[in-house]
Amino acid sequence: MIRKIVRNIIPIQFRSMIQRLRGRSVYHDYYLMHRCIFIHIPKSAGQSISLALFNDKHPGHYSIKKFEWESPKKKEAYFKFTVVRNPWDRLYSAYNYLTKFTPYKSDQEFSEKYLSEYKSFEDFILNGLKKKEISSWVHFRPQSDFLLDSKGNFDIDYVARFENIEDGFLDIAKRLDVDVPKLQKVNSSNRDSKSYKKHYSQDTIRIVAKHYENDIKLLNYEF
């Protein structure tokens, strides 16, 4: 949990510098091999994609800025892809995951400290989402935070949609020239793709629309 708090405090360029000094790189070996960058947005099937393509379900939630800070040349030259998700659906999935299903201790500690006081998803949206310590947690950060570069440009070569993930996955695999099996779901709860709608009221629809306004405009989503 301390590491996640540090990530929320230290500016991104300094975090990248620290990683380089510690011998760590956001450019995994498989990114170098395939000359690609995968922007893994939380709760958007990223683990499933990474596991199928690279046999690694923990690629990290690195923004395009982190790749840019570490190597602007690679960032420009490599094939950049991501998977995005309807903001209302993603928020419900993230809340559900953190309060019920996460196997990770840091997430469990965060949930216990910051989410347990809310009696329902609606209560969380009305009274919790606006708090900085919650909205800055990686699962709740806007997708645009991961996708816009240091100049505010949207420079992603291929954007797959969670709602049509199988088609997007096949397109990406073909582009990378990777022969892969059927996409397996990781960290996914079994529910209908539209079931998030029943958990929203008119008030919470509006609040989330305002909170993720940039995502909705950038990615062209509606409730």
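Each value in this text was obtained by applying a stated rule to the coordinates, not by laboratory testing. A quick note: this is a predicted structure, and the numbers were derived from the prediction, not measured. Counting neighbours? That spans all protein chains shown, and the Cβs are built from the backbone with ideal geometry, glycine included.
A few comments on the model shown:
- Candidate aspartates and glutamates for bridging to residue 174, where Cα separation is under 13 Å - those fewer than 8 sequence places away on the same chain excluded: 166
- Ranked from largest, the principal axis spans of the Cα set of the chain equal 47, 37, 33 Å.
- With at most 12 other Cβ atoms within 10 Å, longest stretch of the chain clear of loop GluC sites (Glu not before Pro) (DSSP): 1-116
- Links that overshoot a 20 Å alpha carbon limit, given the list 57/217; 100/198; 130/151; 66/217; 65/151; 65/194: 57/217; 130/151; 66/217; 65/194
- Put in line by how crowded their Cβ is, counting other Cβ atoms within 10 Å and starting with the fewest, 99, 204, 82 read 99, 204, 82.
- Distance between modelled label sites at residue 35 and residue 104, nm, 7 Å Cα→Cβ extension: 3.1 nm
- Fraction of antiparallel bridges per DSSP, the chain only, in percent to nearest 5: 10 percent
- Kyte-Doolittle mean at least -0.5, axial Cα span of 15 Å or more - DSSP H helices of the chain: 165-176
- Secondary-structure-derived ellipticity at 222 nm for the chain, considering helices only, amounts to -12500 deg cm²/dmol, per-run term -39500 (n - 2.57) for DSSP H runs with n ≥ 4.
- Label-point separation in nm, residue 205 to residue 173, each point 7 Å along Cα→Cβ: 3.7 nm
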